Amino acid sequence: MMNKGMAIVGFILCFLAGITLMYGIEHSRPGYALGAETAGAWSDRESPVPVDSKDPAWGNRTAPVTMVVFSDFECPFCSRAEATLDQLKTFYGKEKLRVVWKHSPLAGHARAKPAAEAAQGVFALAGNDAFWKFHGAAFKKQTELGTDSYVRWAKEAGVKDEAQFRQGLESHRWADKVDRDLAESAQAGVNSTPYFLVNGVGFAGAQPIEKFKEVIGAELVKAEAAITRGTKADKVYVEMSKQNKAAAPPPSAAAKKAPPPEEDKTTWKIPLGDAPVLGPDTALVTIVEFSDFQCPFSKRAQETLKQIRDTYGDKVRFAWKQDPLSFHPRAEPAAELSLFALKEKGSKAFWAMHDKLFALQPKLEDSDLEEAAKELGLDAARSKKAIEGHQYRGVIDADLDLAENVEASSTPHFFINGRRLVGAQPFEMFRAAIDEQMKNAEALLAKGLAPNRVYEAIMKTAKEAPAPEKKNVAAPSSANPARGGAHAKVVIQEFSDFQCPFCSRVEPVVKQIHDTYGDKIKLVWRNHPLSMHPDAPLAAEAAAEAFKQKGADAFWKMHDLLFQNQSTPEGLKRPALETYATQIGLDGARFRAALNDRVHKAAVDADAKTAEDAGITAAPAFVINGYYMTGSQPFAKFQKIIDRALAEAK
């Protein structure tokens, strides 16, 4: 979560981008919040958090719960929250949940306000449906924010008059609406993005879906009670937001004068491994930097680091960990080149390339990297091949894993003898931390420890990342379809739902897992049809019948057909299921009888009960030798857990 106050003191963090996702776009009801400049007006501006027909919205005005979202198109945490919002839309539907968008571009994000103006322009010219399409493209392609992209996305969303849209952008025609949203965010006490107000109940950050459901569920109960008492459906939001504001306790004098949060005194375990190091191993203080060659704040910090070297000399050494952020497209190629220099000519060449890359920033295109390689005496052709082939991706991924483990979620991120310091801080901040650690190291020397053993000694008692979450799940039986090694030591149980779009989205990753690990792992299917998906139970039974008739091969063929046709009209209805059965060569009469008699309902329900008993409420969900993962995660997330499970199995 980003704090606007941070921007005031110098926006020092480059944040991780989240998982990019597709967006479910639906038309609003006729007459409701169409958003085009010619549409009929409506207003809920009597609310403490006012909304009206100039706000992009999803859902019905009569929905008992309204969630106002203050967000920023450049904020990676806002992007991360979009996956949860998609799930909430699917779970509650338009009749129960209305989502209203408010622009809240942060001062430290140069592209956020222009993006907000562009999105508002799309809404003004083409309505709600177009806005949400533009919104989806902007979050999915956060690294491409810019005028050309806005025009392209606007046309794809349905804006007909490109000239009018461009003219609006150039004249800042829609800036007033963005400024009004910013003023309303300040009035509502919003100081970070994303920020959510559910019928006026506020909370911040890309929270887990359970947090949203907890708040929305409570507000649904209260709102439905208000409707029973006679509150009109289209006035529920105003009434409930007023009640929630009145019920909120005023900030106490103590809270107003509360001191800032205490400094994190944790010493984190940061193994150096094969990281490039600058300075002798006898240095009493080691500064490990997680950094990104495209991050402007990482570049800004280099001047301070030079001042530290000039001040402390051989008393301080530096180590570099690669942390290319996903929304910096040139960071990974630059990291690859720096590692090529390291492998070819050693640490000295790495630091020379390090300085060169920061000097070049923001010019880090292929031609710039090729020229840098030549200037430092490297083989340009081989360096290009290394970059294009992602030759050092394994090294980079290992550093990224370590960054995640020690909660280094921004760049630049420093650990001074394991003590965290975040951002391009002034020299004085570093000096205070270094001097404190220097005293601690000198105390160790006084006890007889050799200088070159200081860092190792500190790391022995340093904090490690907590182990991944575990769940105790009943073992699958032979009735559960599986693929991979029959006697594999690592078993991955996938709890999934054939109507769930997130379950469909993760399937290519599941295939990649199967292709990568082969017989080292066993993938087991467990049915977990969610109550919000009416076609999921029968689809699960159809797949179970395929398994019964012709074994695992037929099951996986049916599995693939169900996911392939999931989003098509009638794609999971009974006639379609019978068509798929014919395509894979099942006995049609037996198949129809099995579905008529609900032969496999008990088995599907048993899997769902297994999930429920283990506390698994979402789909897709995975249990990997007890380690629990949920959602449509990238391959690297699975790989980390699978490799851990394989190592433990040995």
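Just so you know, all these numbers are worked out from the coordinates, no wet-lab data involved. Not measured: the values here are computed from a predicted model. A quick note on method: Cβ atoms are made from the backbone with ideal geometry, for glycine too, and the neighbour counts reach across all protein chains shown.
Using Stokes-Einstein with the Kirkwood hydrodynamic radius over Cα pairs, what translational diffusion coefficient do you get for the chain at 20 °C and a viscosity of 1.002 mPa s, in µm²/s rounded to a whole number? For these conditions, the coefficient is 77 µm²/s. Other residues with beta-carbon under 10 Å from the beta-carbon of K489 carry, at +1 per Lys or Arg and -1 per Asp or Glu, a net charge of +2.
Antiparallel as a % of all DSSP beta bridges within the chain, to the nearest 5? Of all bridge pairs located within the chain, approximately 65 percent are antiparallel. Checking the Cα-Cα distances for K269/K345; K471/K522; K306/K385; K102/K245 against a 21 Å cut-off, the pairs over it are K269/K345; K306/K385. Ranking G230, Q302, A116 by how far each Cα lies toward the positive end of the dipole of the chain (charges on Cβ) leaves G230 at the top. Only the Cβ atoms of Lys and Arg (+1) and of Asp and Glu (-1) were treated as charged; on that basis the dipole of the chain about its Cα centre amounts to roughly 860 debye.
DSSP bridge analysis restricted to the range 482-649 gives an antiparallel fraction near 60%, rounded to the nearest 5.
Ranked by how many other Cβ atoms sit within 10 Å of their own Cβ, fewest first, the residues R229, R431 fall in the order R229, R431. The packing ranking, built from the mean of other Cβ atoms within 10 Å per residue, places the peptides 173-179, 409-415 in the order 409-415, 173-179, highest first. The ranking of R526, R317, R111, R574 by Cβ neighbour count inside 10 Å, starting from the fewest, reads R574, R111, R317, R526.
When the alpha carbon gyration tensor of the range 277-460 is reduced to an equivalent ellipsoid, its three semi-axes come out at 30, 17, 15 angstrom, largest first.
Other residues within the sphere of radius under 10 Å centred on the Cβ of R393, judged by their own Cβ, net out at -3 (K and R +1, D and E -1).
Counting beta carbons within 10 Å around each of S43, S71 and listing the fewest first gives the order S43, S71.
Using a Förster radius of 35 Å, what is the FRET efficiency between Q633 and A218 based on their Cβ-Cβ separation? Nearest 0.05, please. For R0 = 35 Å, the calculated efficiency reads 0.75. All other residues whose Cβ lies under 11 angstrom from that of A352 are scored, Lys and Arg at +1 and Asp and Glu at -1, for a net of +1.
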